[in-house]
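The values are calculated or read from the model by the stated rules, or taken from the named source; none is laboratory data. These numbers come from a predicted model, not from an experiment. Ideal geometry is used to build each Cβ from the backbone, glycine not excepted, and the neighbour counts take in all protein chains shown. When the accessible area is computed, the model is the full protein with side chains, heavy atoms only, and any ligands, DNA or RNA have been set aside. Shrake-Rupley method; radii C 1.70, N 1.55, O 1.52, S 1.80 Å.
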Amino acid sequence: MTRLFRISDSGLVESRRKPLDLESRIEDWVARDLSLVGVDGIVIGRQLATDHGKRIDLLAMDEEGNLIIIELKRDRSPRDIVGQVLDYASWVRHLTTKDVHELTRAAIGRSLPDLYRERYGKAVPETLNASHQMIVVASEVDEATKRIIEYLSEEHDVGINASFFNIFGAEGHEWLTTDSLLDQEEVKDRAVKKARAPWSGLYYVTGGAEEDRPWDELRKYGIFTADGGRHYTNQLDRLEVGAPIFYYQKKTGYLGYGQVQTPKTLASDYVLEDGRKLTEALPARYLTQFEGDADRAAYVVGVKWLRTFDRADAKTYQGIFANQAIACKIYDQQTADFLRQEFGVSTEDNV
């Protein structure tokens, strides 16, 4: 049990633990600062009605688009609250991307893209609720409930955790302590890993739409590039030399398969095989507009394009994997199988 002491000249003065009787305050605090329960995210609903006739105290979403159910124990027994939050999860898991957008607008009165961009400075992920987690907030739970939560999370990769809030008071002041039963990042990692298929061994890269980076230029000069800030250009570090990549153009489809030939380099320093500087041979705005600003400048990786198609022959289908990320791994097996077939890539070609 947590104890809190004030240090004084005469020794330690213990603060008295106070009952968690004003849980609306806890809900408000968590809604304003999700880090209190170990979450980096945005609140998309409070007292959210489910189709089961119940209300979720807080529903949040993290940067990857995963949903987090946060439920205060209130006057329920520890086992009752665990059962309740699992019941909520049985409803949340069926929410589609469209559902998440609609319920956010109805619950918060703002669009999810606006909320997300305000928090993270980028567009909301195209696919939401691929995974979800649950957090029970209480002053304490019994040992049996702790064992149940640990068993579900550690043995079955269920995204469930308990967060402990305690209020102490002394001499007219109050203090709040917080702790978690399990490390929330580990809970999230286990839940996401369970929901996600094994990595296909392939990478996805995108340079946006044709007007952002003309495909024929990337293909001709054997490059892939990103600019506009470290958040974007640091993603090129994921592409080691030899990495097999598929290029996706927004609003078009997949256009090229290749292998990375060089590590990330400033576009202004990148030299082509014929000895010319890239930005001299191709003085395109997407390569030069932030030249001189290392944080926002364009960076390049060299690519040996092994199989490419013109834009009119782009390879795609309804529901194919696409993402806002500049570069990421392809986990969607249907997309990986489709790309291998369309581009003539065997599993042995993965490096």
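The residue list Asp142, Asp114 contains one member that is more than 29 Å from the chain's Cα centre (by Cα), of a type outside the set (Ser, Thr, Tyr) and open to solvent by 50 Å² or more (accessible area, probe 1.4 Å), which is Asp142.
Residues are listed down the side, and each one gets a yes or a no for (1) open to solvent by 30 Å² or more (accessible area, probe 1.4 Å); (2) within 30 Å of Thr265 (Cα to Cα):
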residue	(1), (2)
Glu150	yes, no
Ser153	no, no
Asn161	no, no
Phe168	no, no
Thr178	yes, no
Glu185	yes, no
Val205	no, yes
Pro214	yes, yes
Lys220	yes, yes
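Could you go through the stretch 293-301 and let me know if any residue there is under 19 Å from Tyr232 (Cβ atoms), without any contact (Cβ under 8 Å) to a residue 12 or more places away in the chain and in a loop (DSSP other than H, G, I, E, B). For the stretch 293-301, residues under 19 Å from Tyr232 (Cβ atoms), without any contact (Cβ under 8 Å) to a residue 12 or more places away in the chain and in a loop (DSSP other than H, G, I, E, B): present. Output the number of the condition that Val30 fails; it satisfies all remaining conditions of (1) assigned to a loop (DSSP other than H, G, I, E, B); (2) surrounded by 20 or more Cβ atoms within 10 Å (Cβ to Cβ); (3) not small (Gly, Ala, Ser). Exception for Val30: condition (1).
Comparison of Arg46, Arg74, Arg17, Arg25 shows that the only residue that is assigned to a strand (DSSP E or B), within 24 Å of Trp175 (Cα to Cα), open to solvent by 10 Å² or more (accessible area, probe 1.4 Å) and not polar (S, T, N, Q) is Arg17. Scanning the stretch 305-320 for residues that are of a type in the set (Gly, Ala, Ser) and exposed (fewer than 10 other Cβ atoms within 10 Å of the Cβ) yields one hit, Ala312.
Answer yes or no: is there a residue in the stretch 196-210 that is in contact (Cβ under 8 Å) with a residue 12 or more places away in the chain, in contact with a strand residue (DSSP E or B) (Cβ under 6 Å, 6 or more places away or on another chain), assigned to a helix (DSSP H, G or I) and not β-branched (Val, Ile, Thr). No. Checking each residue in the stretch 49-71 for being farther than 17 Å from Tyr120 by Cα and open to solvent by 20 Å² or more (accessible area, probe 1.4 Å) picks out Ala49, Asp51, His52, Gly53, Lys54, Arg55.
Taking each residue of the stretch 238-264 that is within 11 Å of Ala322 (Cβ to Cβ) and looking for partners that are surrounded by fewer than 21 Cβ atoms within 10 Å (Cβ to Cβ) and of a type in the set (D, E, K, R) with beta-carbon atoms closer than 6 Å, six or more apart or interchain, yields Thr252/Arg311; Gly253/Lys315; Tyr254/Lys315. Taking residues in the stretch 327-347 that are surrounded by fewer than 17 Cβ atoms within 10 Å (Cβ to Cβ), and partners anywhere that are among the aliphatic types (A, V, I, L, M), the pairs with Cβ atoms closer than 6 Å and at least 6 places apart or on different chains are Gln333/Ala197.
Taken together, Leu4, Leu36 contain a single residue that is within 21 Å of Phe165 (Cβ to Cβ), open to solvent by 30 Å² or more (accessible area, probe 1.4 Å), at pLDDT below 80 and not hydroxyl-bearing (Ser, Thr, Tyr), which is Leu4. Among the numbered conditions (1) under 18 Å from the mean Cα position of the chain (by Cα); (2) at pLDDT below 95; (3) open to solvent by less than 50 Å² (accessible area, probe 1.4 Å), the only one that Arg93 does not meet is (3).
Residues checked against (1) part of a strand (DSSP E or B); (2) among the polar types (S, T, N, Q):
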{"residue": "Thr145", "(1), (2)": "no, yes"}
{"residue": "Gly169", "(1), (2)": "yes, no"}
{"residue": "Ala191", "(1), (2)": "no, no"}
{"residue": "Asp212", "(1), (2)": "no, no"}
{"residue": "His231", "(1), (2)": "no, no"}
{"residue": "Gln235", "(1), (2)": "no, yes"}
